[in-house]
Amino acid sequence: MSELSRIGVAIEGDLLADFDAYLEKHHYPSRSEAFRDLIRDALATDPGPDERTEVVGTVTLVYSHSTRHLGDRITALQHDHHACIVSTMHVHLDHDDCLEVVVVRGRAGKVRELADALIAMKGVRQGRLFLSPAQPHETAPSETR
Ligand code: NI
């Protein structure tokens, strides 16, 4: 393990209060431990610098379908990127809200482009991209028989 470094973080009071509530809920012993976990999580789910890596994953969206034309715009965007979409599951959460999970597969760069466009869409309340290498257990050439 490398040496610990101390850093200062400027954060709004409201956000810090929410963060502290999160620590308590998840029984974190300190802000530092929770901060490290969040950083590791962010780094682990980042597609990395190589946009050509083949990945699989999901884009999860929560939005209100009563937002003007949002459902249609989300569908149209998925048709534009159909080559990297395996399947889409839509759940009507209640009268207004929808949960959509888009299963994606393809080059990290293309998948990221689709996810960014969906998540950034006006009216999408929450969005999250999860990515994993398409062949995580691929053996090195010297190990093949
Ligand atoms: Ni719905």
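The values are calculated or read from the model by the stated rules, or taken from the named source; none is laboratory data. Bear in mind that the values here come from a model prediction, so they are computed numbers and not experimental data. Because the Cβ atoms are built from the backbone with ideal geometry, glycine has one as well, and the counts that use them run over all protein chains shown.
Going through (1) away from the ligand (no atom under 16 Å from the Cβ); (2) out of contact with any helix residue (DSSP H, G or I) (no Cβ under 6 Å at 6 or more places or on another chain) one by one, THR53 falls short only on (2).
For first residues located in the stretch 92-106 and over 15 Å from THR67 (Cα atoms) and assigned to a strand (DSSP E or B), partners that are away from the ligand (no atom under 14 Å from the Cβ) and of a type in the set (Asp, Glu) and lie 6+ apart or on another chain with Cβ distances below 9 Å form the pairs ARG105/GLU54; GLY106/GLU54. Taking the conditions (1) away from the ligand (no atom under 16 Å from the Cβ); (2) under 17 Å from the mean Cα position of the chain (by Cα) in turn, PHE35 satisfies each one other than (2).
Annotation note: of ASP37, ASP50, the sole residue that is over 21 Å from VAL124 (Cα atoms) and surrounded by 12 or more Cβ atoms within 10 Å (Cβ to Cβ) is ASP37.
Can you give me the number of residues within the stretch 89-105 that are under 12 Å from VAL59 (Cβ atoms) and modelled with pLDDT under 95?
Step one: filter the stretch 89-105 for residues under 12 Å from VAL59 (Cβ atoms), giving 89, 99-105.
Those still in the list that are modelled with pLDDT under 95 too: none.
Summing the residues that are under 12 Å from VAL59 (Cβ atoms) and modelled with pLDDT under 95 in the stretch 89-105 gives 0.
So which residues in the stretch 108-126 are surrounded by fewer than 18 Cβ atoms within 10 Å (Cβ to Cβ) and part of a strand (DSSP E or B), if there are any at all?
Listed by number, the residues that qualify are ARG125, GLN126.
Restricting attention to the stretch 58-91, the residues being in a loop (DSSP other than H, G, I, E, B) and either exposed (fewer than 14 other Cβ atoms within 10 Å of the Cβ) or within 14 Å of the ligand (Cβ to nearest atom) (or both) number 5. Within the stretch 111-127, the set of residues being touching a residue at least 40 places away in the same chain (Cβ under 8 Å) and either more than 10 Å from THR60 (Cα to Cα) or among the hydroxyl-bearing types (Ser, Thr, Tyr) (or both) comprises VAL111, ARG112, LEU114, ALA117, MET121, LYS122, GLY123, VAL124, ARG125.
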